[in-house]
Amino acid sequence: MVTVSTTPAGAACTVERNGQRVAAVPMTPSSFRIDKSVHPLAVTCFKDGYQPATTSAAPTFVASTVGNLIAGGIVGIMVDAASGASNRYPSDIRLFLTSSPAPAAPGTSDPGATAAATTPFAIVRPADAVAPVRQAAALAPQLSLQTSSTLCPNGVSAWRSNGVIVTYLGSDPSSPELCVQSVNGRSSKFYLGVVAAYAPNVAAARTAMMKSFEGPLGTTNEYTDIQQGGFWKEVFKNDGEEQITLAGMSFTTVRIVKRREGLMGNSYKAETTYWLDRRTGMLVKLDHQHINGRQAGVQPFQLVRLLEPGA
């Protein structure tokens with residue numbers, strides 16, 4: 001038995017060995033059982049508001065196995081060493097989580113600043129408009145969108161009906177669909193505004209969501225998620241295209257329906273529908289339907305205003 005704990009507590013962790021997932025910790029502190037091996041464990045923990053942390057736990061030789069020299073001779077010790085039977089993992093693994101960095105102050109270095117120069121997504125005012133940027137709100141019904149060459153908006157702020165303001169700063173250099181954002185002044189990164197870069201099992205979530213977004217109507221992808229409090233099955237489905245008008249602008253959107261179900265005795269069920277702009281990947285609308293189990297704090301919203309920085 002190995003116990004994983006974090007400071008602060010309440011993190012979800014994955015445990016890998018030789019590149020394969022061998023255990024999961026839904027919430028720290030918690031324990032898991034693992035068979036002996038000569039290979040080290042890689043433990044990675046995630047918690048909202050904190051940067052992911054990873055540590056390696058190598059097995060150590062157990063002195064008592066020297067008795068094998070008597071029972072099985074040199075051959076016995078060699079067999080145990082090769083199989084890992086003479087090794088033991090540490091009983092306690094502790095990780096310290098660092099708070100996610102605060103957003104950069106104006107005029108300081110920002111991860112999205114270099115991408116902003118290309119401006120793959122922008123608000124375009126009519127050619128005869130001479131109003132200053134700070135009057136852009138009055139022009140909202142006349143604004144149009146340029147076609148984007150990436151999957152992340154750049155250089156615009158989206159006001160949502162739930163009071164959240166998202167400023168888009170383009171794509172992270174590591175991935176065209178990993179969008180750099182400032183959410184109510186706090187720096188964050190989301191794949192198409194849906195899957196948080198720090199989320200547990202983010203690779204599987206990203207793959208399932210992106211395949212559904214890029215696939216034809218009815219495309220379905222699922223994966224098993226681990227987060228605080230337990231295990232979950234998430235299913236992403238392409239529910240087709242829909243032309244919608246928000247903030248005086250027309251969007252060709254892809255509806256992605258995510259069904260989330262609790263596993264291992266967790267009765268939670270809910271469906272979240274995302275409306276993603278086909279050209280930019282911008283999340284312009286979200287609806288949430290709770291079906292069963294404990295309520296989740298997901299707030300429906302829609303785009304109510306799209307402004308240039310400073311407007």
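The values are calculated or read from the model by the stated rules, or taken from the named source; none is laboratory data. Predicted model only: the values in this text are computed from it and were never measured. In this analysis, Cβ positions are derived from the backbone assuming ideal geometry, glycine residues included, and neighbour counts consider all displayed protein chains. Heavy atoms of the whole protein, side chains included, go into the accessibility calculation; ligands, DNA and RNA do not. Shrake-Rupley method; radii C 1.70, N 1.55, O 1.52, S 1.80 Å.
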Notebook entry, point to check: Any residue at all in segment 182-203 that is more than 18 Å from residue 48 (Cβ to Cβ) and among the β-branched types (Val, Ile, Thr)?
Noted result: no
Next item on the list: Answer yes or no: is there a residue in segment 218-230 that is in contact (Cβ under 8 Å) with a residue 60 or more places away in the chain and outside any strand (DSSP E or B).
Entry: yes
Check: Quick one: which of 129, 205, 122 is modelled with pLDDT of 85 or more and open to solvent by less than 40 Å² (accessible area, probe 1.4 Å)?
Finding: 205
Next item on the list: Look through 104, 137, 158 and report the one residue that is closer than 30 Å to residue 50 by Cβ, more than 18 Å from the chain's Cα centre (by Cα) and at pLDDT below 75.
Entry: 104
Checklist line | Some residue of segment 162-179 being more than 18 Å from residue 206 (Cβ to Cβ), part of a loop (DSSP other than H, G, I, E, B) and in contact (Cβ under 8 Å) with a residue 40 or more places away in the chain | finding: yes
Notebook entry, point to check: Mind checking which residues of segment 1-57 are aliphatic (A, V, I, L, M), touching a Leu at 6+ places or on another chain (Cβ under 8 Å) and assigned to a loop (DSSP other than H, G, I, E, B)?
Noted result: 11, 34
Item checked: Options 262, 281, 248, 215: the member that is open to solvent by 10 Å² or more (accessible area, probe 1.4 Å), modelled with pLDDT under 90 and on the phi > 0 side of the Ramachandran plot -> 248
